[in-house]
1. Filtering segment 95-110 down to residues that are in a loop (DSSP other than H, G, I, E, B) and of a type outside the set (A, V, I, L, M), which residue is least open to solvent (accessible area, probe 1.4 Å)?
2. Mind listing whichever residues of segment 40-82 are among the charged types (D, E, K, R) and either open to solvent by less than 40 Å² (accessible area, probe 1.4 Å) or in contact with a strand residue (DSSP E or B) (Cβ under 7 Å, 6 or more places away or on another chain) (or both)?
3. If I ask for residues that are of a type in the set (S, T, Y) and out of contact with any Ser or Thr (no Cβ under 7 Å at 6 or more places or on another chain), which ones from segment 226-273 would you list?
4. Just the residues that are open to solvent by 30 Å² or more (accessible area, probe 1.4 Å) and not in a loop (DSSP other than H, G, I, E, B), please, taken from segment 83-94.
5. Tell me which of these A170 doesn't satisfy, since it passes every other one: (1) closer than 20 Å to A247 by Cβ; (2) free of Cβ contacts under 8 Å to residues at least 40 places away in the same chain.
6. Check R161 against each of (1) basic (K, R); (2) more than 24 Å from E50 (Cβ to Cβ); (3) without any contact (Cβ under 8 Å) to a residue 40 or more places away in the chain and name the one condition it does not meet.
7. Could you please find all residues in segment 130-148 being among the charged types (D, E, K, R), touching a strand residue (DSSP E or B) at 6+ places or on another chain (Cβ under 9 Å) and surrounded by fewer than 24 Cβ atoms within 10 Å (Cβ to Cβ)?
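The values are calculated or read from the model by the stated rules, or taken from the named source; none is laboratory data. Keep in mind that what you see is a predicted model, and the values were worked out from it rather than measured. Every residue, glycine as well, gets a Cβ built from its backbone with ideal geometry; the counts of neighbours run over all protein chains shown. Each accessible area value is taken on the protein alone, full model and side chains, heavy atoms only, with ligands, DNA and RNA left out. Shrake-Rupley method; radii C 1.70, N 1.55, O 1.52, S 1.80 Å.
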Amino acid sequence: MPFRQSDLLRRLPRLSWPRAGAATDIALLRRRYSDLFGRFGAAPEGAVFEQGQIGPIKGEWVRMSSAKPARLILYFHGGGYIAGSPQSHRALVARLCQAADAQAFVPAYRLAPEFAYPAAVRDGVDAYRHLLGKNLDPRLLVLAGDGSGGGLAFAVLLAVRNAGLPMPAACATMSPWADLSLSGWSVMTNARSDRVLDWPMLFQSARHYLKKTSPCDAYASPAFAAFRDVPPIMVHAGSAEMLRDDASRLGDRAAEAGIPVSIEIYDGMQHVFQGDPHVPEARVSLQRLGQFIRTRTAIAQPSAAGPG
């Protein structure tokens, strides 16, 4: 019988979580997210983490000893826009870097409610703009993220396009939260099967982030945006998660605009299942994402390496 992530996640209710209905206090919400990050496990051998800063944006460099230094992932961590950090996602980002043969910069973008929308988007665009200012070939740069960080990656992609900046090579995300209005059908149909998220947790996170902004604003909820003139996209999600339809709707937006897109829904998997190193599907997904990143950045490798 194949291993299923849902079997492993049966342990989660034994964690000391507050009741979902009581998770209106920001400290309790952050505690819930912190408990979820704990399943990411240890970083792979050979991973190096260094504090860094790109222009005004602080963050962390993630490097694998065997990775090509020219290929870069600008990675946005998840956490409902209210929690998480480059440190909380070290293991997940390092495993993606290993699969993609790349290094990453993970911005410590500003979190709500202290810094509400659009602070995170502005930080992401600033990081991207300053990377280009360091003469980085955008054909070697990929935007990526998980959960809310996946939604943020798409928001930054749209802002970069609308600002007329050179576009990155691709965008690759895991379980992106792309609709803060929570209007996806799977939010209801998967409410029982999702062992990671619940409606009060998502609703309160969105409320802290958006303040008085409409949840249908395209930079807050890229599922409502037009995807013309963006690079190829890959999105992975789990069939059991509430945000499954966010992935599908991003695929619809890309297909409507004629953008090359691959949406992969993994049967029985939960939100950001790639973070669990014990799940076989997680390894498959990361390898697929890594292959996509390598393929999309391969065109620039000869010129980046120089003659000979």
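1. The selected residue is Y109.
2. Of everything in segment 40-82, those that are among the charged types (D, E, K, R) and either open to solvent by less than 40 Å² (accessible area, probe 1.4 Å) or in contact with a strand residue (DSSP E or B) (Cβ under 7 Å, 6 or more places away or on another chain) (or both) turn out to be E50, E60, R63, R71.
3. S239, S248, S262
4. R90, the sole residue that qualifies.
5. (2)
6. (3) is the only condition that R161 fails.
7. Of everything in segment 130-148, just one residue is among the charged types (D, E, K, R), touching a strand residue (DSSP E or B) at 6+ places or on another chain (Cβ under 9 Å) and surrounded by fewer than 24 Cβ atoms within 10 Å (Cβ to Cβ), namely K134.
So that you can scan it fast, the table gives a plain yes or no per residue for (1) within 18 Å of V230 (Cβ to Cβ); (2) open to solvent by 10 Å² or more (accessible area, probe 1.4 Å); (3) touching a Pro at 6+ places or on another chain (Cβ under 6 Å); (4) not hydroxyl-bearing (S, T, Y):
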{"position": "G150", "(1), (2), (3), (4)": "yes, no, yes, yes"}
{"position": "N162", "(1), (2), (3), (4)": "yes, yes, no, yes"}
{"position": "M167", "(1), (2), (3), (4)": "yes, yes, yes, yes"}
{"position": "G184", "(1), (2), (3), (4)": "no, no, no, yes"}
{"position": "M188", "(1), (2), (3), (4)": "no, yes, no, yes"}
{"position": "S193", "(1), (2), (3), (4)": "no, yes, no, no"}
